[in-house]
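Data first, discussion second: the structure below is written as structure tokens.
FYI, it's all coordinate maths here, none of it is from the lab. Every value quoted in this text rests on a predicted model; they were computed, and no experiment measured them.
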Amino acid sequence: MPRPRKCRRIFVEPEVTYFKPAGIGMRELDENVLTVDEFEALRLCDLDGLEQNKAAESMSISQPTFNRLVNSARKKIADAIVNGKAIKIQGGNYKFKRKFL
């Protein structure tokens, strides 16, 4: 029996959860599903510019787990851009946590 997944902490819930290429009908599109924890990992690493150790710590996960999340998210996004697929953000094992200033 596999070990249960640790709940990942996120600070920003996505406001937009669906992206699609222009000019292609919804019925013709394939989708890539990006989990909310993958979205948060991308945000922390690529948008906020945090190092993986700091970003992993803020999500309450290990750095190797964080690296797997980022790589998975980047692969899904690249596939969607190159192959004209939609990106849907949903699911994952996470808990929303507000930052205290």
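Rounded to the nearest 500, what is the chain's calculated 222 nm mean residue ellipticity when only DSSP H runs of at least 4 contribute -39500 (n - 2.57) each, over all residues?
Computed mean residue ellipticity for the chain: -10500 deg cm²/dmol.
What's the tally of Lys pairs in the chain whose alpha-carbon atoms lie under 25 angstrom apart, where the two lysines are 8 or more places apart or on different chains?
23
Looking only at Cα atoms, what is the convex hull volume of region 17-93 per residue, in Å³?
Roughly 85 Å³ of hull volume per residue.
Using amide H atoms built in the peptide plane, which far-off residues or other-chain residues are under 5 Å from N32 H to H?
Those qualifying (amide H under 5 Å, at least 5 residues apart or on another chain) are A86, I87, K88.
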